[in-house]
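For reference, the structure is listed below as structure tokens.
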Amino acid sequence: MRGLFARALAMPVLLVIAMVVCVSACLPAQAYAAGKGSLQIKNTSGADATYLVVPIADADALPLEENFAWVDVAGQKVGDNDPFPSYDPNASNAKAQGRALVEAVSRAVTKDENGSLAHWLSGYVAADAEGTCDQLVSGGDALSVDDGWYLLVAKDRRPLLAWVEGDPVVLWDKSSTPVLTMDVKTDEDWSESAVYGAGKTLSYRMTMTVPDTYSLFTTYACAMHAEWNPLLSLREGSVHVELNTTSRKAVDLTDFATVEAGESAMDIRFADLCQTEAKPGDSIVVTYELDADAVTGSGAAGLLNTAWATFPSFDGEGRTPSVSVKAYTSKMYVRAATRNGKTLEGATFALRGADGKWLTSDGRFAGESERGLWKTDASGKVEIAPVLGCGVYTLVETKAPAGYELAAGSESTVKLTAEHSIENFTLTCSTSGAAKVDEVDAQDASVTLLVEHDKKKEPPSDPLDIIGKLPQTWDSLAPFTKFGFIALALGLAAVALGHFLKKDGATDGGSES
């Protein structure tokens, strides 16, 4: 948000705005002679406010660019609206482009039930508009203006939009609304998006800022609402409600609030906020935890959590525009193959976290005795089933395919990182060791690792191994074999005896001579 309106909203008391269009929100379908009309604002909020009256289109529905950045509005997409038409004030058909843009914005305004578009448009008021635009005080006299389209902005008030067509136009001052924001957190700081994984719990935070006109109410019944993806579930006992201030000690409002929680939604209700110590500018902060399905991944689409607030206003219950955050996760596949690409079935893997604990099949990290084992199928591939968040892991091959060696080293370091916002999720992976990055699927938010294997080598033959192959008992020998062994033994004995007698005879003869 830029310009005067951004400066005027320095205090975070106006984020969600409702739009008021008196006479008609639709611009004229044809040109007519410019005339004069008037604008007047009736005071319904109990306090005066000074509005800056910014002319944004003339009587012919052509853009007025001096105080409003139509060029920046062109081409943008807001909420469920189609992208606005392009507009180049220097083009030969600039008038046609400009009128098409103004009329497209006008049509979108007619559907702007919660005023979020009016609030968005207020951010394009020029920084120096205050010096060139008229001012109008609520509850004061009417202001004479030329026919055309006007955006009226004031601090702590809802922006007003009005089309003037020769007649007096009366607008009603609206009380400022609560500001609602939402954040999600895992290991890092609070943000609009986060990455979760097995063994991780997602923390959420809703913050509603009490509006300045809150002090005008004697009773203030309001509520904060949240809805989340069915793959998420509320952790029992995790809801905490607190009143935060800039000058006073925080107050625990958990027991004061009424919490109504279902399977995928929750309401935090306050029967009367005036019964608390809340003052304008304070914040009501609700924190809670959601557990994600440990096995089913969300892919690049992420898991959405949406929040909004309802509050009293002088014209009935108001509702803020919805705000959302997303949580993402990734999946890991492992593929086993030979050096020449042949797929291998039966390679078994386990995954260890940076803290030394092992991933279990049900999505926890625990001791080695509970580690999960994942085996490649006939396609040579296996999904490490529980979802994974960013971090450093160790992939361990515990068993090689039949006839093949364990991958060199059998352990590989795998690092998963991601860039993410509420619109996009980009996964990256790096490895060291036997595992290589084979593929990163952006849509599935998954990474496939490749582990290559060598055939098992046969050990060289050892001559002594023949001993181990000989029969180990006499009874196991065949009769013929037994006879052979006996004959061989008797022959060897006869040779030995003859050699002994010969030697003994030679010795005796020598003695006699």
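The values are calculated or read from the model by the stated rules, or taken from the named source; none is laboratory data. As the structure is a prediction and not an experimental result, all values here were calculated from the model. So basically every Cβ, Gly included, is an ideal-geometry build from the backbone, and we count neighbours across all protein chains shown. SASA here: full protein model, heavy atoms, side chains in, ligands and nucleic acids out. Shrake-Rupley method; radii C 1.70, N 1.55, O 1.52, S 1.80 Å.
Per-structure values
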| item | result |
| --- | --- |
| Given (1) surrounded by fewer than 20 Cβ atoms within 10 Å (Cβ to Cβ); (2) touching a residue at least 24 places away in the same chain (Cβ under 8 Å); (3) touching a Leu at 6+ places or on another chain (Cβ under 7 Å), number of the condition C222 does not satisfy | (1) |
| Test set (1) in contact with a His (Cβ under 8 Å, 6 or more places away or on another chain); (2) open to solvent by 10 Å² or more (accessible area, probe 1.4 Å) - A337 fails condition number | (2) |
| Lone qualifier among A261, A257 - being aliphatic (A, V, I, L, M), free of Cβ contacts under 8 Å to residues at least 40 places away in the same chain, surrounded by 14 or more Cβ atoms within 10 Å (Cβ to Cβ) and in contact with a Leu (Cβ under 9 Å, 6 or more places away or on another chain) | A261 |
| Matching entry among A442, A400, A418 (being among the hydrophobic types (A, V, I, L, M, F, W, C), more than 21 Å from W358 (Cβ to Cβ), open to solvent by less than 60 Å² (accessible area, probe 1.4 Å) and touching a residue at least 12 places away in the same chain (Cβ under 8 Å)) | A418 |
| Segment 74-88 residues that are closer than 19 Å to E423 by Cα, paired with ones that are among the small types (G, A, S) (beta carbon under 8 Å, 6 or more apart) | G75/S86; V78/A108; V78/S116; G79/S116; N81/A108; D82/A104; P83/G75 |
| Residue ranges of strands (runs of 3 or more DSSP E) in segment 106-153 with at least 2 members at pLDDT below 90 and open to solvent by 30 Å² or more (accessible area, probe 1.4 Å) | none |
| Filter result for the condition that a residue is touching a strand residue (DSSP E or B) at 6+ places or on another chain (Cβ under 7 Å), open to solvent by 70 Å² or more (accessible area, probe 1.4 Å) and not in a loop (DSSP other than H, G, I, E, B), over E383, E317 | E317 |
| Neighbours by Cβ (under 6 Å, 6+ apart or cross-chain): first from segment 360-377, in a loop (DSSP other than H, G, I, E, B); second open to solvent by less than 40 Å² (accessible area, probe 1.4 Å) and β-branched (V, I, T) | G372/T360; L373/T348; T376/V382 |
| Complete set of residues in segment 438-452 that are assigned to a strand (DSSP E or B) and within 25 Å of the chain's Cα centre (by Cα) | D438, E439, V440, D441, S446, V447, T448, L449 |
| Subset of segment 320-334 that is open to solvent by less than 20 Å² (accessible area, probe 1.4 Å) and either within 19 Å of D438 (Cβ to Cβ) or of a type in the set (D, E, K, R) (or both) - its residue that is nearest to the chain's Cα centre (by Cα) | S330 |
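This table checks each residue for (1) under 22 Å from D141 (Cα atoms); (2) assigned to a loop (DSSP other than H, G, I, E, B); (3) modelled with pLDDT under 50.
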position: L4; (1), (2), (3): no, no, yes
position: I17; (1), (2), (3): no, yes, yes
position: Q40; (1), (2), (3): yes, no, no
position: A47; (1), (2), (3): yes, yes, no
position: V53; (1), (2), (3): yes, no, no
position: E66; (1), (2), (3): no, yes, no
